[in-house]
Amino acid sequence: MNGMDKLSKQHRLPGNRFVKRMFLMRILGTFLCFIPILTVLIQHQRSEWLMLLLAFNAFVWPTVAWRRARRSVTPLATEHQNLVVDAGAGGFWIAMMAVNPLPSVVIATILLADRLSAGGFVLMRKAAVAMLVVFLAAWLMQGMAVVMTVSQQTMFATLPLIAIYIIALSVMTDSIAIRLRVKSRELERIAMMDPLLDIANRRLLEKRIEKELKTLQQASRESALMFIDIDNFKEVNDRFGHKVGDTLLATVSEILHLATRQTDTPARLGGDEFVILLPNTSIEEAHVVASRIMEAAAVMDDVAEEAVNCTLSIGIAGATREMENVTDWLQAADTALYQAKRGGKNRIYAH
């Protein structure tokens, strides 16, 4: 595997987008935490090595964590570990600040809330345990020092952390929510489409028929339902194979798209059976559409480089007041189709 292949594989690993998002938030968060923590450490006259450790945590650790997750075979799990380490570091700095109330509460709250949004209650619980354990160990080593006074400098140093990081977290959460809505709509669209053809499936068709029946109860108009069956489709499959059969289905599907309006719903009911919902369409107008479909199918003489003649049988049923549900209308169109086939196939029957 060459370098480009490795890079391509790395980009495809699940969690890489999450790792990048956490890297950006970690850079912002550690920098904003650096300011109030440094302010408190200076006020308490803490050692220089502690301030150097704080600088490492703020400016070096984000890159170390990012590289560690990016090089991992499980980036998501590794990044979750990094987030737990962040929480442990937060507990350490709370102890080093002698539990100074304002920055301690803000840092602890942001760390736990961030872990909740990143990995749910499981990750937040792990982070809370890490924060508490490290805090207690560091606090005991420091003699359990507590300074409850918040200076004006500390208060002003903490304000950017409160304002900027919470806004950034809200922006990130909103961005994720938007992507989830887009994905949800895409999944819903996929669930409503036939997996083989670019056409509606039975689920979407029945929803549209149900909606049209409710509209017809309130509006004075006509609508038609067209049931289409490819004549002798089984013989085509048996003689030429399923590849030719699938190509024939796709070609008929394309004809239905071209012959209908945007307000119509061509759909595959199953096998070689198609249905078209034609809102605000009389039986006579539906007959014209059916004739156009049959003419387009009739000129087809080559399917996947095989000589295949395609004929269709079509049944058309208009909605009546006696129809109470989707099944009634579909049954009426199916009955019309049966009459077309009984009459010798390759014909249209409407009632």
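A few remarks follow.
- The chain: angle of helix 202-218 to the longest principal axis, Cα-based, in degrees nearest 10: 70 degrees
- Peptides 44-56, 83-95 ordered by packing proxy, namely the average of other Cβ atoms within 10 Å per residue, highest first: 83-95, 44-56.
- Helix axis angle, 283-298 relative to the chain longest principal axis, alpha carbon, degrees: 90 degrees
- Summed residue charge, Cβ within 10 Å of Asp229's Cβ, Lys/Arg positive, Asp/Glu negative: -2
- Degrees separating the helix 61-70 axis from the principal Cα axis of the chain, which is the longest one: 30 degrees
- Seen from Gly344, the other residues with C-beta closer than 15 Å to its C-beta sum to a net charge of +2, counting Lys and Arg as +1 and Asp and Glu as -1.
- Packing-based ranking of 131-140, 162-171 yields 131-140, 162-171, ordered from highest to lowest mean Cβ neighbour count within 10 Å.
- Taken over the range 11-79, the percentage of Cα pairs per 10 Å bin, counting from 0 up to the bin with the maximum distance, is 21, 40, 24, 13, 2.
- Compactness check for the range 210-309: Cα Rg over 2.2 N^0.38 Å is 1.21.
- Positive-end extreme of charge dipole, the chain - chosen from Met97, Gln217, Tyr338 (charges on Cβ): Met97
- Debye intensity ratio I(q)/I(0), log10, the range 97-220, q values 0.16, 0.20 Å⁻¹ (C-alpha model): -0.95, -1.16
- Value of Rg/Rh across the chain [Cα atoms, Kirkwood radius]: 1.29
- Among Leu180, Ala58, Ala137 the positive-end extreme of the charge dipole of the chain (Cβ point charges): Ala137
- Over 26 Å apart at the Cα level, from the set Lys207/Lys234; Lys234/Lys341; Lys211/Lys243; Lys20/Lys126, are Lys207/Lys234; Lys211/Lys243.
- The range 1-152, accessible area per residue, ligands and nucleic acids excluded (1.4 Å, Å²): 54 Å²
- Here the sum of -39500 (n - 2.57) over DSSP H runs of 4 or more residues, divided by the residues of the chain, equals -22500 deg cm²/dmol at 222 nm, to the nearest 500.
- Counting only Cβ charges, +1 for Lys and Arg and -1 for Asp and Glu, the dipole size of the chain around its Cα centre is about 2040 debye.
- Note on the range 265-339: along the principal axes its Cα atoms extend 47, 25, 23 Å, ordered by decreasing extent.
- For the range 113-121, the Karplus equation 6.51 cos²θ - 1.76 cosθ + 1.60, evaluated at θ = phi - 60°, returns couplings of 5, 5, 5, 5, 6, 7, x, x, 5 Hz by residue, with Gly and Pro reported as x.
- With all protein chains in place and a 1.4 Å probe, the accessible surface of the chain carries 60 percent carbon and sulfur.
- If you run the Gaussian network model on the chain, springs between alpha carbon atoms under 10 Å, then out of Met96, Met193, Met323 the most flexible one is Met323.
The values are calculated or read from the model by the stated rules, or taken from the named source; none is laboratory data. All figures in this text were calculated on a predicted structure; none of them were measured in a lab. Positions of Cβ are generated from backbone atoms using ideal geometry, with glycine treated the same way; all protein chains shown enter the neighbour counts. Ligands, DNA and RNA are stripped out before the accessible areas are found, and what is left, the full protein with its side chains, is counted by its heavy atoms. Shrake-Rupley method; radii C 1.70, N 1.55, O 1.52, S 1.80 Å.
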